Amino acid sequence: MWDYTEKVKEHFFNPRNVGEIENPDGIGEVGSLACGDALKLTFKLDENGRIKDARFKTFGCASAIATSSVLTEMIKGKTIDEAGELTNKDIADYLGGLPEQKMHCSVMGREALEAAIENYRTGGKKKHELEGKVVCICFGVTEKEIERVITENDLTTVEQVTNYCKAGGGCGGCKGEIAKIIEKVRGRKQKNKPEALPRKGRKLTNIQKMQLIQQTINEQIRPALRAHGGDIELTDVEGNKVIVAFRGMCAQCMLAEYTMKDVVEAKLREFVADELYVVEDKDSIQPHNHRG
Ligand code: FES
């Protein structure tokens, strides 16, 4: 029996938004019945270009159903660009995590979303197709997709790659090539590793301070907000004043003031400098998201 979180179980037993939208603005179909998982995602936009409805049909296990269900919840209210930023990790985090052997379901969700967005952007012309060299013939997984799951999820072993995109999980004939791809991606990562920023307590130049604030937002703050359907962007830094804008659910949340002081400001003080204070960029709030 898999060790599923309460949220996975809840979405599996009560999946939201099951079905298919008539005349959708975007359709994404990925996977295949032969491979054991398939997902069809449809969405419709409102007059402001935000996703007002999203529905799914899926064939697969409990995590495939739960993943598809939360995906539809996560993208509602987002613009196409905002939805396009979601990663498979965001989807898994939103569920409170997935067993590693089931992470491929979160990847399938992200692929369906990208396919639906591409379908929308090409006016309904483009359907999902494999791009580049196919490495795993059993599951139809390309080199590009394998590179992507390695990079985005910091994978280091062939077994992990199989868990995240199924490649290698059939006859095993592609495992050698997957190992080479891991080596290549990790070698590239090592080379491109940015120089470590000085941490709190050292004297920072203005550029270093900006970078450390951005890094703290990306690594310490954003994942928690995204897990609840929200997001945050750094708008500007003026001396010790850090100006941020809330997005998604956070932009509508009555507790935004609390989040700003007790989460955002506290983390920036912990990781960057004690003198920092945070204010919200009111100008950037979308009119229909206005609180109050
Ligand atoms: S070719 Fe990848 S498992 Fe068979």
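The values are calculated or read from the model by the stated rules, or taken from the named source; none is laboratory data. Fair warning: this is a prediction, and the values are worked out from it, not measured in the lab. All Cβ positions, even for glycine, are placed from backbone atoms using ideal geometry, and neighbour counts span all protein chains on display.
Search the stretch 158-176 for residues being in contact (Cβ under 8 Å) with a residue 40 or more places away in the chain and more than 12 Å from the ligand (Cβ to nearest atom), and hand back the single one that is surrounded by the fewest Cβ atoms within 10 Å (Cβ to Cβ).
The residue in question is Gln160.
Mind counting the residues in the stretch 177-188 that are near the ligand (Cβ under 10 Å from one of its atoms) and of a type outside the set (Asp, Glu)? Please lay out each step first, then the result.
Pass one, the stretch 177-188, residues near the ligand (Cβ under 10 Å from one of its atoms): 177-178.
When the remaining residues are screened for being of a type outside the set (Asp, Glu), the result is 178.
Adding up the residues that qualify gives 1.
Hey, among Leu113, Leu86, Leu98, Leu155, which residue is away from the ligand (no atom under 14 Å from the Cβ) and at pLDDT 95 or above?
Numbers: Leu86 fails: at pLDDT 95 or above; Leu98 fails: at pLDDT 95 or above; Leu155 fails: at pLDDT 95 or above.
Answer to the check: Leu113.
What number of residues in the stretch 201-246 are within 27 Å of Lys78 (Cβ to Cβ) and in contact (Cβ under 8 Å) with a residue 60 or more places away in the chain?
Qualifying residue count for the region: 7.
When only residues in the stretch 126-145 that are touching a helix residue (DSSP H, G or I) at 6+ places or on another chain (Cβ under 8 Å) and away from the ligand (no atom under 16 Å from the Cβ) count, which is farthest from Gly170 (Cα to Cα)?
Lys126
Evaluate the following for Val149: is it among the hydrophobic types (A, V, I, L, M, F, W, C), part of a helix (DSSP H, G or I) and modelled with pLDDT of 95 or more?
Numbers: among the hydrophobic types (A, V, I, L, M, F, W, C): yes; part of a helix (DSSP H, G or I): yes; modelled with pLDDT of 95 or more: no.
The answer is no for Val149.
Give me the pairs: first residue in the stretch 72-101 and more than 24 Å from Asp3 (Cα to Cα), second residue aromatic (Phe, Trp, Tyr) and modelled with pLDDT of 90 or more, beta-carbon distance under 7 Å, and six or more apart or on different chains, which are they?
Ile75/Phe43; Ile80/Tyr120
Out of Lys52, Lys89, Lys76, I need the residue that is of a type outside the set (Ser, Thr, Tyr) and surrounded by fewer than 16 Cβ atoms within 10 Å (Cβ to Cβ). Which one? Before the answer, list the steps.
Numbers: Lys89 fails: surrounded by fewer than 16 Cβ atoms within 10 Å (Cβ to Cβ); Lys76 fails: surrounded by fewer than 16 Cβ atoms within 10 Å (Cβ to Cβ).
Checking each option against the conditions leaves just Lys52.
Only one of (1) at negative phi; (2) surrounded by fewer than 17 Cβ atoms within 10 Å (Cβ to Cβ) is not met by Gly124, so which one is it?
(1)
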